[in-house]
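The values are calculated or read from the model by the stated rules, or taken from the named source; none is laboratory data. These figures come from a predicted structure and were not determined experimentally. Neighbour counts are summed over all protein chains in view; Cβ atoms, including those assigned to glycine, are modelled from backbone coordinates with ideal geometry. What goes into the accessible areas is simple: the full protein's heavy atoms, side chains included, and nothing from ligands, DNA or RNA. Shrake-Rupley method; radii C 1.70, N 1.55, O 1.52, S 1.80 Å.
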Amino acid sequence: MDCVLKLDRLPEKKPFQEGIRRAPRRDSVLSEHDMEIALKNALRYIPERFHEELAPEFMEELKTRGRIYGYRFRPEGRLWGKPIDCYEGKCIEGKAFQVMIDNNLDFEVALYPYELVTYGETGQVCQNWMQYLLIKQYLRELTNTQTLVIESGHPLGVFRSHENAPRVILTNGLMVGLFDKPEEFNRAAAMGVANYGQMTAGGWMYIGPQGIVHGTFNTLLNAGRLKLGIPKDKDLAGRLFVSAGLGGMSGAQGKAAEIAGAAAIIAEVDYSRIETRYKQGWVSRVSDDLATCVAWAQEAQKAGTPLAIAYHGNVVDLLHYLIQNNIHVDLLSDQTSCHAVYEGGYCPVGISFAERTRLLAEDHEAFKAAVDASLKQHIAAIDELHRRGTYFFDYGNSFLKAVYDAGVKSICRNGENEKDGFVYPSYVEDILGPQLFDYGYGPFRWVCLSGKPEDLDKTDAAAMDCIDPTRRYQDRDNWVWVRDAKKNRMVVGTQARILYQDAMGRLKIALRFNEMVRNGEIGPVMLGRDHHDTGGTDSPFRETSNIKDGSNIMADMATQCFAGNAARGMSLIALHNGGGVGVGKSINGGFGMVLDGSERVDRILSSAMPWDTMGGVARRAWARNENAIETCLAYNRDNEGTDCITIPHLADDALVHATVLNALKD
Ligand SMILES: NC(=O)c1ccc[n+]([C@@H]2O[C@H](COP(=O)([O-])OP(=O)(O)OC[C@H]3O[C@@H](n4cnc5c(N)ncnc54)[C@H](O)[C@@H]3O)[C@@H](O)[C@H]2O)c1
């Protein structure tokens, strides 16, 4: 096995294909010494005889793009997740991961494919194209008694392990606490030693925006049930949902709102994103005229028919218009990329998208000031709509944190700082946490590695068979989701499906699929999940925002989940810093499991799948979350003799309150 990138000659420089989105210049402050290190670091991948030619080219990339991507090493043409048999490899996992990586970089799927960004403004598969080539080289050679180690996109090497060990262990952007902040991260990324993996970008498990359509659909439906008093068997017909963002993940909002029956207006400043969603049928109408958008929405509400409208313009302008014209909004959110608010994720009101890109490159301080001013107007408009009866929720994009960082303290629950959360709930705090995560329902997913749509149809049908829709309303929602998934044209990229399931639901489906592979009914399958799940992510502003025992600032759960999945033999395991909310604000992890039809895989699934989810439910139960306690008690009953989850005793609130008061009096 070669331990350097095989390179007989330098690949030709190629032009960038017209019409493919490009990442803005990335920020970082590098000293002269840092720049020298950055250059030497990138040249580590390249034989010395090419250094003279490449050094100035890499330096130019660092100066103009803020990072060294090694563009000329990108393979020619379109990359896409091809059927697994098109890939070379010595083990099935080595081939399967290549499908997943290429899908994450597909022009049709990725946000900035040339910069290896899959979604979420900065979420990358790895840092540069040299790493991509080297990872691929190792995956072709990897055997089923070895493990490939990836640190922030860099393939550190292949080490001997055993058949039941993970084939790939990867981490992204993990930083020592003292340095765990955006400025230090940007410096490290510019020097080529840190990768922002987001969640499934660096974890190689992205399945296009379908992943988030299901989550958004669940969130909107349950927000309607909990906050608008809609009965459990009804949808959002006649209601108006307003939000911003039609990008990688946010692009799901229109589609999810339509599936949930609502009328929706989604603001988007970048026309190219609107075009993509319109062509896909994920928004049904487009206009840059506010009166037209509102008239369309009101018509749909009156008729009780679903309709997703893209407003080409800034969300702040949209909100001002709604306020001035007294339009009632039922549900309001935001999905601009506020986790990277000063890196281009949020476009300030008053300037166009093109001006935002120019200002970002030419005057970062002025850009920052414009973002802060815009966020202040944005939150003032939300406050006004809230006063008029709108339910606003933070949609996990660090919007409220960004508003706080812009200097608005009034949104803090304690009026001072973010420690006790914000006056508006995160969608996990109010909705997804108690209704789904506390039961273990989370974004389970699979990819049919054969690339055949008929395999996906068969797995959809098998998954439906595994669900009892009469058990709970969540099961009914999930059953309906998978029943209608094909009709809703969810596939972008590989033949993949997302399906929210609880721990034992996931196991049941996983075992059924592995049996189908064994019987030759379908080709091999890659199982996985979004990191945004019950047990995979510690994130006080998002996934763990409904943990109220003080442990929401701890990252033990995500780390244990990662280690436990490794111990049980998942094929790929990932642990990242940042995710959807930004550097230092979360630790998150995920897995990939290749179903090859073997009994060995059955055994791994039987222990790893329950652990992956129930570790999270157990922690939520220990935090005294009611639904999680109920779920763990049932799990303990059903798994006596093998598993046992610690259950908390519940202290009486009045007793605790009186005791503390008395003590403080002394
Ligand atoms: N809730 C979840 O489950 C979840 C999941 C994934 C991502 N996220 C978070 O949601 C955010 C969006 O993710 P994404 O992948 O869609 O990112 P993205 O960058 O692809 O899309 C954001 C979109 O917002 C648009 N935008 C920015 N400012 C705007 C403004 N003022 N008015 C109108 N449009 C504006 C941008 O042009 C862009 O198209 C990220 O912060 C991400 O971390 C949340």
Looking only at region 470-507, filter to residues that are at pLDDT below 95 and in contact with a Lys or Arg (Cβ under 7 Å, 6 or more places away or on another chain); which one of those is surrounded by the most Cβ atoms within 10 Å (Cβ to Cβ)? Ala485
Can you tell me which residue among Asp330, Asp334, Asp363 is within 30 Å of Asn218 (Cα to Cα), of a type in the set (Asp, Glu) and over 25 Å from the mean Cα position of the chain (by Cα)? Asp330
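Select from region 350-403 the residues that are outside any helix (DSSP H, G or I) and either polar (S, T, N, Q) or at pLDDT 95 or above (or both) and list them in ascending order. Break it down stepwise before answering.
Going residue by residue through region 350-403, those that are outside any helix (DSSP H, G or I) are 350-352, 363, 388-398.
If the condition is that a residue be outside any helix (DSSP H, G or I) and either polar (S, T, N, Q) or at pLDDT 95 or above (or both), then Gly350, Ile351, Ser352, Arg388, Gly389, Thr390, Tyr391, Phe392, Asn397, Ser398 are the ones that fit.
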Quick one: in region 546-600, which of the residues that are of a type in the set (Ser, Thr, Tyr) and more than 30 Å from Val656 (Cα to Cα) is nearest to the ligand (Cβ to nearest atom)? Ser586
Among (1) of a type outside the set (S, T, N, Q); (2) in contact with a Phe, Trp or Tyr (Cβ under 8 Å, 6 or more places away or on another chain); (3) modelled with pLDDT of 95 or more - the single one Arg239 does not satisfy: (2)
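For Ala42, indicate whether it is modelled with pLDDT of 95 or more and under 29 Å from the mean Cα position of the chain (by Cα).
Numbers: modelled with pLDDT of 95 or more: yes; under 29 Å from the mean Cα position of the chain (by Cα): yes.
Yes, satisfied.
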Go through region 572-603 and give me each residue that's open to solvent by 10 Å² or more (accessible area, probe 1.4 Å) and part of a helix (DSSP H, G or I). Glu599, Arg600, Asp602, Arg603
Which residue pairs have Cβ atoms under 7 Å apart, sit 6 or more places apart or on different chains, and have a first residue in region 386-397 that is under 15 Å from Gln253 (Cβ atoms) and a second that is among the charged types (D, E, K, R)? Phe393/Asp430; Tyr395/Asp334; Gly396/Arg542; Asn397/Asp334
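On the basis of being within 16 Å of the ligand (Cβ to nearest atom) and among the charged types (D, E, K, R), does Lys458 make the cut? Give the steps one after another, and end with the answer.
Numbers: within 16 Å of the ligand (Cβ to nearest atom): no; among the charged types (D, E, K, R): yes.
It is false that Lys458 is within 16 Å of the ligand (Cβ to nearest atom) and among the charged types (D, E, K, R).
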Kindly indicate the residue of region 238-253 that is more than 8 Å from the ligand (Cβ to nearest atom) and farther than 19 Å from Pro443 by Cα and also surrounded by the fewest Cβ atoms within 10 Å (Cβ to Cβ) among those meeting that condition. Gly238
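In region 355-406, what residues are open to solvent by 20 Å² or more (accessible area, probe 1.4 Å), among the aliphatic types (A, V, I, L, M) and touching a strand residue (DSSP E or B) at 6+ places or on another chain (Cβ under 7 Å)?
Within region 355-406, the subset open to solvent by 20 Å² or more (accessible area, probe 1.4 Å) is 355, 357-359, 361-366, 368-370, 372-373, 376-377, 380, 383-384, 386-389, 391, 401, 404-405.
From what's left, among the aliphatic types (A, V, I, L, M): 359, 361, 366, 369-370, 373, 380.
Result: no residue meets the conditions.
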Is one or more of the residues making up region 17-28 in contact with a His (Cβ under 9 Å, 6 or more places away or on another chain) and of a type in the set (Asp, Glu)? yes
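Against the definition (in contact with a Ser or Thr (Cβ under 6 Å, 6 or more places away or on another chain) and open to solvent by 20 Å² or more (accessible area, probe 1.4 Å)), how does Tyr439 come out, yes or no?
yes
Show me the strands (runs of 3 or more DSSP E) found entirely inside region 112-216 where at least 3 residues are buried (at least 19 other Cβ atoms within 10 Å of the Cβ), among the aromatic types (Phe, Trp, Tyr) and more than 16 Å from the ligand (Cβ to nearest atom).
On the way: elements: 117-119, 146-151, 154-160, 168-172.
Once the strands (runs of 3 or more DSSP E) in region 112-216 are filtered for at least 3 residues that are buried (at least 19 other Cβ atoms within 10 Å of the Cβ), among the aromatic types (Phe, Trp, Tyr) and more than 16 Å from the ligand (Cβ to nearest atom), nothing remains.
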Looking across region 407-431 at residues that are away from the ligand (no atom under 16 Å from the Cβ) and outside any loop (DSSP other than H, G, I, E, B), the single one that is surrounded by the most Cβ atoms within 10 Å (Cβ to Cβ) is Ile411
Odd one out for Val109 among (1) touching a residue at least 60 places away in the same chain (Cβ under 8 Å); (2) away from the ligand (no atom under 16 Å from the Cβ); (3) open to solvent by 10 Å² or more (accessible area, probe 1.4 Å): (2)
Collect the residues in region 287-341 that are touching a strand residue (DSSP E or B) at 6+ places or on another chain (Cβ under 6 Å), within 16 Å of the ligand (Cβ to nearest atom) and open to solvent by 30 Å² or more (accessible area, probe 1.4 Å), keeping them in residue-number order. Asp288
I'm told Gly281 meets every condition in (1) away from the ligand (no atom under 16 Å from the Cβ); (2) over 24 Å from the mean Cα position of the chain (by Cα) except one. Can you identify the failing condition by its number? (2)
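In this structure, is Ala267 at negative phi, in contact with a Ser or Thr (Cβ under 6 Å, 6 or more places away or on another chain) and within 16 Å of the ligand (Cβ to nearest atom)?
Values: at negative phi: yes; in contact with a Ser or Thr (Cβ under 6 Å, 6 or more places away or on another chain): no; within 16 Å of the ligand (Cβ to nearest atom): yes.
For Ala267, the condition - at negative phi, in contact with a Ser or Thr (Cβ under 6 Å, 6 or more places away or on another chain) and within 16 Å of the ligand (Cβ to nearest atom) - is not met.
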Which numbered condition trips up Asp235, out of (1) open to solvent by 10 Å² or more (accessible area, probe 1.4 Å); (2) assigned to a helix (DSSP H, G or I); (3) in contact (Cβ under 8 Å) with a residue 12 or more places away in the chain; (4) more than 11 Å from the ligand (Cβ to nearest atom)? (2)
Within region 375-406, residues on the phi > 0 side of the Ramachandran plot and within 16 Å of the ligand (Cβ to nearest atom) come out as Gly396, Ser398
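Every residue, every condition in (1) modelled with pLDDT of 90 or more; (2) over 15 Å from the mean Cα position of the chain (by Cα), yes or no:
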| residue | (1), (2) |
| --- | --- |
| Met199 | yes, no |
| Pro209 | no, no |
| Ile230 | yes, yes |
| Glu258 | yes, yes |
| Ala267 | yes, yes |
| Ser272 | yes, yes |
